[in-house]
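Take a look at the structure set out below.
The values are calculated or read from the model by the stated rules, or taken from the named source; none is laboratory data. Fair warning: this is a prediction, and the values are worked out from it, not measured in the lab. FYI the Cβ positions are ideal-geometry reconstructions off the backbone, even for glycines, and counts take in every protein chain you see. What goes into the accessible areas is simple: the full protein's heavy atoms, side chains included, and nothing from ligands, DNA or RNA. Shrake-Rupley method; radii C 1.70, N 1.55, O 1.52, S 1.80 Å.
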Amino acid sequence: MAKSSVSPTVVLVAGWIVPGLGHLLLKKFGRAALLFLAIVSLYAIGLAVGGKVYSPNTGEMLDIFGFVGDLGTVGLYGLAKLMDWGSAPVLITVADYGTKFIVVAGLLNVIAAVDAHSLANGRKPGL
């Protein structure tokens, strides 16, 4: 298993900030495009149906877990906070599903960034 010429740490952080960027740096263009489309679509659908983007200042445990999940897509999270998207209270069931879409997008992005890191340091063979 050969190591990449790109630092595994750079690949990990890049993939965390922008979905699929870690794989793009490793020249895994198909994976990068699929991950970007899947994660951004999940996030966008979640916002479109009125999902909530969690804030760090609530004391409720479930809100804290949601915030940690949202941070998985730190770039999209920053954009949503900057544009004030996802700040309305969740009043209907569909919006609650949207909130789950946003959190799942974050968790999927963390998995993708760790996968890119494993590819970059040679622990996982590339396909």
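Considering only residues in the stretch 27-39 that are in contact (Cβ under 8 Å) with a residue 60 or more places away in the chain and crowded, with 22+ Cβ neighbours inside 10 Å, the one that is nearest to the chain's Cα centre (by Cα) turns out to be ILE39. Determine if the stretch 41-52 includes at least one residue that is free of Cβ contacts under 8 Å to residues at least 12 places away in the same chain and under 12 Å from ALA105 (Cβ atoms). Yes. Taken together, the residues in the stretch 1-26 that are buried (at least 16 other Cβ atoms within 10 Å of the Cβ), without any contact (Cβ under 8 Å) to a residue 60 or more places away in the chain and part of a loop (DSSP other than H, G, I, E, B) amount to 1.
Of everything listed in (1) touching a Ser or Thr at 6+ places or on another chain (Cβ under 6 Å); (2) open to solvent by less than 60 Å² (accessible area, probe 1.4 Å), the single unmet condition for GLY78 is (1). Residues in the stretch 87-107 that are part of a helix (DSSP H, G or I) and open to solvent by less than 60 Å² (accessible area, probe 1.4 Å): ALA95, GLY98, THR99, ILE102, VAL103, ALA105, GLY106.
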